[in-house]
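As structure tokens, the structure follows; a few thoughts come after it.
The values are calculated or read from the model by the stated rules, or taken from the named source; none is laboratory data. Since this is a predicted model, take the numbers as computed values, not measurements. As a convention, Cβ positions derive from the backbone with ideal geometry for all residues, glycine included, and neighbour counts pool all protein chains shown.
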Amino acid sequence: MDLHSVITLSVMLLQQMCVYLAVAYALSRTKLFIPLTRATIRWPHRLACYVIFTAFCIMGTLLGFPVVSGNAIANTPAIGAVLGGLLGGPIVGLAVGVTGGIHRYFLGGSFGLAAALDIVMQGLAGGFTHRYLIRRGKTRLLFSPLLAGGLTFISILLEMGIDLALSRPLPQALHIVALIVLPELIANTAGAAVFVKILLDRRDSLEQHSRAFSAKALEIAAHVDGVLRDGFDQENSMRVARIIYDQTGVGAVAITDCHKILAFIGIGADHHLPGTPITSPHTLQAIANNEVFFADGNEIPYECSLSPHCRLGSSLVIPLIGEEKQVIGTVKLYEPKTRIFSTINRTLGEGIAKLLSNQILAGRYERQKSLLLQSELKLLHAQINPHFLFNTLNTIIAVTHDDVPQARALLTDLAVYLRKNLKRPTEDVQLSDEIEHIDAYLRIQLARFGDRLSVEFDIPQPLLNVRLPAFTLQPLVENAIKHGTAQMIRPSRIRISASQDAHSVLLVVEDNAGLYDANGGGGLGMNIVDRRIKNRYGESFGLTMSCESNVVTRATVRIPLEAAS
Amino acid sequence: MITALIVDDEVYARQALRRALEPAKDIHVLDECGNALEALVRIRADKPDVVFLDIQMPQITGLEMLSMLDPKHMPSIVFLTAHDEYAVSAFEKNAFDYLLKPVTADRLELTLERLRQRMTHQDFSVLPETNHLRQIPCFSLQSIVFLKLDQVEYIESRASGVYVIDTLGREHLTSLRLNVLQQRTPLMRCHRQYLVNVDQVAKLQYPDSGTAEFVTHGGRILPISRRLLPEIKEQLGIV
């Protein structure tokens, strides 16, 4: 054995290792390697791990150099076996080792059996190291190039021991080991370390990509939240375009409706003017066909439709979708001719368009809902209960007969009631105004029901100035008469009171009938009172009903104190 | 002379109608009632020819009150309402008389003319509200108790009147006759003198050959008449 041949063999083996690693690097760019970038637990991943590292193990064997008339091979199957075990666990390690070992055995030579067992041993060494590290919670170490190199180094030394123990004749075995030990140690150790490093790099680049992506997406989502709910107009579009421009770093951002530019920020803002009609054929096409249009400026040329001197070189047009999948506008991202359009921004652009579409829809829905509420209310109050009106007239006719002043007073009350009923339901009124309305109504009812009804007001003077939506108490009092007094044979009592606590004003209408049916719902009027207050002041305010059967029905309206002052 | 009763829960409404009726010398208003309970008592006692009956009244509406009257001794009814589109269209359809409040003199005269001619028999069973009793009015010393049907164990007709026995074993005298109660409630006729709430029956037993009786959850024994037994067994699903 001479030093020269050892060095020659080392260099040759290192060269082969380069080929080996080049294959590994190339494969690492494919999706095949993604399962290898994390410690594998799930079986599909383990299977992938087995297949890939078995392939590398066999490749390592085949790329070797036969020495001493083919009795042994200076080669690198150890990397595949050790890494298979290290990343896939003992079972994968064993499987890789057995498959690689069988392959090696059939290549023959006096080292054949020993070399086959070496590979199995190396797979297991990797596998048990995997298990040890997992149990210790040191998963990160699995991807340490140093550990992979070191483990491979040790397993090569073990391999040499096995070779010497099993191969005969001994002098030949000694000769072979002396020849291959150094080359194999160098090539395998370096190879394993670099292989793991390749995996690590691959993982980092994957993570960086997605980290950058999610950071941008979250940032944009947080900033544009709610802006377009208030309306899809120039002002709000400008705010959203500014956010997208800042966060994505693209050359320019535009937002259009179906006819004109609503916002434009970035390169070319001097001639792409908000308020002007859309001229770009790409945008018109995207709107007409409801499709994303991407002109990368290379395969699909992009030319600014406004100015030949425009520096913009590529454009992405994404439609915004409204009700019934109709296009209601577009979001456009541009890059200048000097930059390429990144795929991140392309994907982000589509996500942003979805986000904005949803916001616009939600905003329209909310506005329609409140319009509906207003019209329901109008309907409710335009309609004075005819039963009440005719009964009142009937009462007044009877009273006229022997109590003219009272008849006159009742007619005045009716006039006040009717006039107050003409208030616009959208306006705010003072509590005193609402009480006047109720008072006129109740004086008429007192005449109708005679001694069957008594009424009590308990409103502290300062609270009379509280402001509240018109028609908040009135429907509650009408309800107390209709479902309370009118249903009672024994004397009925209605009490209207107001009080305040730390944060809110409480207005209470109660009757002593206790006939409220919680399951029957409150009827349209009650629902509207509740929804209107909740819409305006939030869910913690509104109307609550409580009832003690045959004793009391209590309607409590809670409004915020600050709204009152 | 036509005797009349005015039933309306509003005092001025009663007054207005009474005044409107004053010029008609052949109409004699016997009394006014403020609710259906009082009216049930007065109708039983005074047997008026005509009842001016408000529909919207507390606890028992005018229509429900009709279901509590014996159809054999039904007075003529003139309904009163201030506004009730649904009821008015039902009255129109069935040619029942009604007055809209405030009442006009012309319209009232038309009604009185019809009353004087003693028009045809009115069958209120076409109005759904008059077919089903939700509760049975029972008279006690100072008041009327309304028993819900699920409180009733059985009803017995005795020489002194019809008695409703509730699930607590208390007896209540009612003015309704047994066959009216049978028609307007789901109670089952098991004997010439008895109606039983089937939900309260615990056991059907045969003390002697050929005779049968019910035992209620309250432990009371009700006879079953031989004639009705086959029908009852069929209804209870006993073959």
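Points worth noting:
- Residue tally, condition within 16 Å of residue A:14 (Cβ to Cβ) and either of a type in the set (Ser, Thr, Tyr) or surrounded by 19 or more Cβ atoms within 10 Å (Cβ to Cβ) (or both), over region A:159-183: 3
- Elements of type strands (runs of 3 or more DSSP E) contained in region B:88-187, each with 1 or more residues being out of contact with any strand residue (DSSP E or B) (no Cβ under 7 Å at 6 or more places or on another chain): B:152-158
- Number of the exception - residue A:215 against (1) of a type outside the set (Val, Ile, Thr); (2) at pLDDT 85 or above; (3) within 30 Å of residue A:25 (Cβ to Cβ); (4) within 22 Å of the chain's Cα centre (by Cα): (2)
- The set of residues in region A:184-241 being surrounded by fewer than 20 Cβ atoms within 10 Å (Cβ to Cβ) and of a type in the set (Ser, Thr, Tyr) consists of A:205, A:210, A:214.
- Test: residue in region A:419-426 that is within 14 Å of another protein chain (Cβ to nearest Cβ) and either crowded, with 17+ Cβ neighbours inside 10 Å or touching a strand residue (DSSP E or B) at 6+ places or on another chain (Cβ under 8 Å) (or both): no
- Just one residue in the set B:140, B:209, B:157 is surrounded by 13 or more Cβ atoms within 10 Å (Cβ to Cβ) and among the small types (Gly, Ala, Ser); that residue is B:157.
- Selection status of residue A:492, without any contact (Cβ under 8 Å) to a residue 60 or more places away in the chain, in contact with a Ser or Thr (Cβ under 9 Å, 6 or more places away or on another chain) and within 14 Å of another protein chain (Cβ to nearest Cβ): yes
- Looking only at region A:394-406, and only at residues there that are without any contact (Cβ under 8 Å) to a residue 12 or more places away in the chain, at the interface with chain B (Cβ under 10 Å from one of its Cβ atoms) and among the hydrophobic types (A, V, I, L, M, F, W, C), the one that is surrounded by the fewest Cβ atoms within 10 Å (Cβ to Cβ): A:397
- In the set A:391, A:345, only one residue is more than 14 Å from chain B (Cβ to nearest Cβ), in a helix (DSSP H, G or I) and of a type outside the set (D, E, K, R); that residue is A:345.
- Considering only residues in region A:449-483 that are farther than 21 Å from residue A:499 by Cβ and either without any contact (Cβ under 8 Å) to a residue 40 or more places away in the chain or within 14 Å of chain B (Cβ to nearest Cβ) (or both), the one that is surrounded by the fewest Cβ atoms within 10 Å (Cβ to Cβ) turns out to be A:451.
- Just one of the listed residues (B:6, B:60, B:2) is within 14 Å of chain A (Cβ to nearest Cβ), over 14 Å from the mean Cα position of the chain (by Cα), within 29 Å of residue B:180 (Cα to Cα) and of a type outside the set (D, E, K, R), namely B:6.
- Matching strands (runs of 3 or more DSSP E) fully within region A:192-303 where at least 1 residues are farther than 23 Å from residue A:336 by Cβ: A:252-257
- Scanning region B:72-87 for residues that are in contact with a strand residue (DSSP E or B) (Cβ under 6 Å, 6 or more places away or on another chain) and more than 14 Å from chain A (Cβ to nearest Cβ) returns B:75, B:76, B:77, B:78, B:79.
- Here region B:42-54 is the region considered, the condition is being of a type in the set (A, V, I, L, M) and closer than 16 Å to residue B:76 by Cβ, and the residue that is nearest to the other protein chains (Cβ to nearest Cβ) is B:53.
- Exactly one residue out of A:337, A:354 is modelled with pLDDT of 80 or more and closer than 21 Å to residue A:247 by Cβ: that is A:354.
- Residue in region B:25-40 that is within 14 Å of the chain's Cα centre (by Cα), more than 14 Å from chain A (Cβ to nearest Cβ) and closer than 26 Å to residue B:186 by Cβ present: no
- Per-region count, region A:297-317, residues among the small types (Gly, Ala, Ser), more than 21 Å from residue A:350 (Cα to Cα) and in contact with a strand residue (DSSP E or B) (Cβ under 9 Å, 6 or more places away or on another chain): 0
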